[in-house]
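The values are calculated or read from the model by the stated rules, or taken from the named source; none is laboratory data. Bear in mind that the values here come from a model prediction, so they are computed numbers and not experimental data. Note that we place each Cβ from the backbone using ideal geometry, even for glycine, and neighbour counts take in every protein chain shown. Just so you know, the surface numbers come from the protein's heavy atoms only, side chains and all, with ligands and any DNA or RNA stripped out. Shrake-Rupley method; radii C 1.70, N 1.55, O 1.52, S 1.80 Å.
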Amino acid sequence: ADGKTNWTANEVLQSLQRAGLTPYTHYVEYGTMENLSPAPSFDPTYYIQQKVQALNANLASGQTPWTTTSVLQAMHDAGVTPLAHYEQYGANENLNPNKYFDQSYYLSAKAKELNTAGSQGRTDWTASEVLGGIEAAGLTPYEHFATYGVNEGLNPSTAFDVQSDLKDKAAALNA
């Protein structure tokens, strides 16, 4: 960084290219350990904190507690980024990619929507069945929400209301 403090995105890209890196390879090789986010919808700090809590909830007697640093290092050593970990394992472990998406809430809301609509002639869909269908389609619950759920009017959690956000955005644009 040579002490420079006013980098532009274009200058960062040029610097990476001079080093023979793409933004993705930089993220994989360095960005994860720098706690950078690969996408606006993924919060690596939030995700790693959840993983630490889950691991520490199942510690054997005398086992050293996990820390955010040790979890991040373990992922790095395994050659997996926090985002890739979420996609491969975290969604199945009921971990969330950010504080505005609650997987359990979303799966229950989707099951309720299917039941209300009588989808496939059924009114007894469970969150577990919804998860199975989403996984069979090759998606994580968050990817399903971003691709389909948001357009169906489903909320990702109690912390974020899609319709209120859209109304606020429309009001701001019309002001």
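Could you check the stretch 1-109 for helices (runs of 4 or more DSSP H) lying wholly inside it with 1 or more residues that are out of contact with any His (no Cβ under 9 Å at 6 or more places or on another chain) and under 27 Å from Gly138 (Cα atoms)? Give the derivation first.
Values: elements: 9-18, 23-26, 44-56, 68-77, 82-85.
Once the helices (runs of 4 or more DSSP H) in the stretch 1-109 are filtered for at least 1 residues that are out of contact with any His (no Cβ under 9 Å at 6 or more places or on another chain) and under 27 Å from Gly138 (Cα atoms), what remains is 23-26, 44-56, 68-77, 82-85.
In the stretch 138-154, what residues are within 18 Å of the chain's Cα centre (by Cα) and either more than 15 Å from Ser41 (Cβ to Cβ) or open to solvent by 40 Å² or more (accessible area, probe 1.4 Å) (or both)? If the condition is that a residue be within 18 Å of the chain's Cα centre (by Cα) and either more than 15 Å from Ser41 (Cβ to Cβ) or open to solvent by 40 Å² or more (accessible area, probe 1.4 Å) (or both), then Gly138, Leu139, Tyr142, Glu143, Ala146, Thr147, Tyr148, Val150, Leu154 are the ones that fit. Scanning the stretch 107-121 for residues being more than 23 Å from the chain's Cα centre (by Cα) and either among the aliphatic types (A, V, I, L, M) or open to solvent by 60 Å² or more (accessible area, probe 1.4 Å) (or both) gives a total of 5. Residues in the stretch 155-166 that are open to solvent by 20 Å² or more (accessible area, probe 1.4 Å) and among the aliphatic types (A, V, I, L, M) were compared, and the one that is modelled with the lowest pLDDT is Leu166. Among the criteria (1) in contact with a Phe, Trp or Tyr (Cβ under 8 Å, 6 or more places away or on another chain); (2) under 27 Å from Trp125 (Cβ atoms), the one Leu83 does not fulfil is (2). Screening Ser128 on (1) exposed (fewer than 13 other Cβ atoms within 10 Å of the Cβ); (2) within 15 Å of the chain's Cα centre (by Cα); (3) polar (S, T, N, Q) shows it passes everything except condition (2). When residues in the stretch 14-38 are screened for being over 19 Å from the mean Cα position of the chain (by Cα) and of a type in the set (Asp, Glu), 1 of them pass.
The set of residues in the stretch 15-38 being surrounded by fewer than 17 Cβ atoms within 10 Å (Cβ to Cβ) and under 19 Å from Gln73 (Cα atoms) consists of Tyr24, Thr25, Glu29, Tyr30, Met33, Glu34, Asn35, Leu36. Scoring Glu135 on the criteria (1) more than 16 Å from the chain's Cα centre (by Cα); (2) open to solvent by 70 Å² or more (accessible area, probe 1.4 Å); (3) closer than 22 Å to Tyr89 by Cβ leaves a single failure, condition (1).
Filter the stretch 39-59 down to residues that are more than 10 Å from the chain's Cα centre (by Cα), closer than 19 Å to Phe101 by Cβ and open to solvent by less than 60 Å² (accessible area, probe 1.4 Å), then give me how many there are. Let's see the steps before the verdict.
Start the filter on the stretch 39-59 by keeping residues that are more than 10 Å from the chain's Cα centre (by Cα), which leaves 45, 48-59.
Still in the list and also closer than 19 Å to Phe101 by Cβ: 45, 48-54.
From the residues that got through so far, the ones that are open to solvent by less than 60 Å² (accessible area, probe 1.4 Å) too are 45, 48, 50-52, 54.
Of the residues in the stretch 39-59, 6 are more than 10 Å from the chain's Cα centre (by Cα), closer than 19 Å to Phe101 by Cβ and open to solvent by less than 60 Å² (accessible area, probe 1.4 Å).
Within the stretch 68-100, can you find the residues that are among the hydroxyl-bearing types (Ser, Thr, Tyr) and open to solvent by 20 Å² or more (accessible area, probe 1.4 Å)?
So the first thing to find is which residues in the stretch 68-100 are among the hydroxyl-bearing types (Ser, Thr, Tyr), and the list is 68-70, 81, 86, 89, 100.
If the condition is that a residue be among the hydroxyl-bearing types (Ser, Thr, Tyr) and open to solvent by 20 Å² or more (accessible area, probe 1.4 Å), then Thr68, Thr69, Ser70, Tyr89, Tyr100 are the ones that fit.
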